[in-house]
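Written out below as structure tokens is the structure these notes cover.
The values are calculated or read from the model by the stated rules, or taken from the named source; none is laboratory data. These figures come from a predicted structure and were not determined experimentally. Here the Cβ positions follow ideal geometry from the backbone for every residue, glycine too, while neighbour counts run over all protein chains shown. Side chains are part of the model used for accessible areas, which takes the heavy atoms of the whole protein and leaves out ligands, DNA and RNA. Shrake-Rupley method; radii C 1.70, N 1.55, O 1.52, S 1.80 Å.
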Amino acid sequence: MLRTARRQQARLLLAAILAAGLSWTLQAVTAGAAQAQVATAATPSASYTSPWESIDAINGGIDPPQSDDTQNARWGTWPEEGTQWVQLTWGGAVTVASADLYFFDDNGGVRVPASWHIEYLSNGSWQPVNASGAYGTAADQYNSVQFAEVTTTALRAVMQSGAASVGVLEWKAYGEGSGQQNEWNPPSNLVQPLNEVWAHVEDTYNLDFRNFGWDQVMATGGKINYCVRWDSQASVSASLRDGIEAKLQEQYQLWFDQIVGWNDWPFDHIDVNVVGWAAYDRDLLQWSDDSVDIYINDIREDAPQCSEDCGRFFHQDGNYPNCPGGYDRHYDQSLWLTAGMGGGAGGDWGQRMGSEYFTGALGSSQITIYLHELGHTFGLDDFYDWTPTGQCCFIMKAGSSATITEFDQWMLRDWWRHLKGRYGL
Ligand SMILES: [Zn+2]
């Protein structure tokens, strides 16, 4: 720690000297002085780590005495050679523009690399940073690199081995952004499985998609309007209609109770309203009041559909100029209830399941299939072909849990902490 403090003092002194004499460097130097060393807030990982070495060494905050450091923990790949990498992953976004890497070199099985470069994670793929100078490979000192700033949640230093295997003693990255695990404090046994889930999400989905349930509730200020697609020949009383709306409200809240007050989530409550019903025949809907808009026999996908002019799925800009009932009667999601259907489906468009199942579950405190499908609306994935480490049972693993579990809760939170930046939070 003392070494680090001295180093920062030296930087500030240098900044003062340069600022006095050379106004053109003032901006660059003061910008540099304002940047924090953010690497220590990251979680390290690597392509390979020799069993007797430690990946935690690379961002432990210790300035090594020399490349052949025999005192402190080290990261090395012996006997693995070829392309090797170390990675820093942050809990939130950081904006970084420079880094220092101190190589491990014991003059034997681990030597400085032949070459190396830095990559950053961009929408799920690794891209090289645009470095302004050469990537040095000197021993016994930090090798500093400046690059065009990137905002990301992960960096990699990718090394090509030279005379032997490779290793790193310390990696520092400078920038802004808490990168802190901003209230990211899941129980320790959930950290690894949550990281596995998020890595899978990044590999599988385009996170630039702009119609997740998150985008919908943020666009509407915490309100979700539904239209019910009544894909059944059974009749619906006014009290069944109202019971369905009340149940949607209650079940929605079961998910969002998991995130209230957490990490800048702005709502205490999601206000859920049913604004429309679509049916095959007006006579099936046994009410005459105009509390909801009614769409009759507009058949899409072999089922009654509410007006596309009113649907968020069709108008992701949130404008509904041709919706008969105007903005107030637009719907963000559909509850599509199909007679005789088993199982369900869910997505940004809403949730689908059996009409008998849903109406038969109105007396239950948890409508399991609905809750699972609603999870999909908010990006949560299925787990048909794999199970995160140490987890057996949670609602997003179909058939394993009837209720939302702590693991489901933290998966929901993980989505929010990764997406909230797009709303300026
Ligand atoms: Zn599913």
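Structural remarks
- Dipole magnitude of the chain about its Cα centre (Cβ charges: Lys, Arg +1; Asp, Glu -1), debye to nearest 20: 1180 debye
- Accessible area of region 172-308 belonging to carbon and sulfur atoms, whole % at 1.4 Å probe: 44 percent
- Partner lysines whose Cα lies under 28 Å from the Cα of Lys223, excluding those fewer than 8 positions away in the same chain, are identified as Lys247, Lys397, Lys420.
- Candidates Gly390, Gly325, Gly136: whichever shows maximal mean-square fluctuation once the chain is modelled as a Gaussian network with Cα springs under 10 Å: Gly390
- Positive-end ranking of Ala163, Leu194, Thr204 along the dipole of region 151-213, with charges on Cβ about the Cα centre, is headed by Ala163.
- Extension gain for Thr95-Gln146 works out to 17.1 nm (0.36 nm per residue, less the C-alpha to C-alpha distance).
- Helix 23-34 and the longest principal axis of the Cα set of the chain meet at an angle near 70°.
- Environment charge of Arg422, counting only residues whose C-beta is closer than 13 Å and scoring Lys/Arg +1, Asp/Glu -1: 0
- Applying the Karplus relation 6.51 cos²θ - 1.76 cosθ + 1.60 with θ = phi - 60° to region 308-315 yields 3J(HN,Hα) values of 4, 5, 9, x, 4, 4, 8, 9 Hz, where x marks Gly and Pro.
- C-alpha long axis of helix 2-21 to longest principal axis of the chain, angle in °: 90 degrees
- Distant alpha-carbon pairs in the chain (separation over 42 angstrom), percent: 32 percent
- Note on region 184-276: along the principal axes its Cα atoms extend 49, 29, 27 Å, ordered by decreasing extent.
- Taking a Cβ cut-off of under 11 Å around Lys223, the surrounding Lys, Arg, Asp and Glu residues balance to a net charge of -3, with basic ones at +1 and acidic ones at -1.
- Solvent-accessible area per residue in region 188-423 equals 40 Å², computed with a 1.4 angstrom probe and all protein chains kept.
- Principal-axis tilt of helix 406-419 within the chain, Cα atoms, nearest 10 degrees: 70 degrees
- Taking max minus min of the alpha-carbon positions on each principal axis, region 188-423 gives extents of 55, 35, 30 Å, largest first.
- With a cut-off of 10 Å between beta carbons, the residues surrounding Gly344 carry a summed charge of 0, where Lys and Arg count +1 and Asp and Glu -1.
- Whole-Hz couplings from phi, Karplus 6.51/-1.76/1.60, listed for region 244-254; x for Gly and Pro: 5, 4, 4, 5, 4, 4, 5, 5, 4, 5, 4
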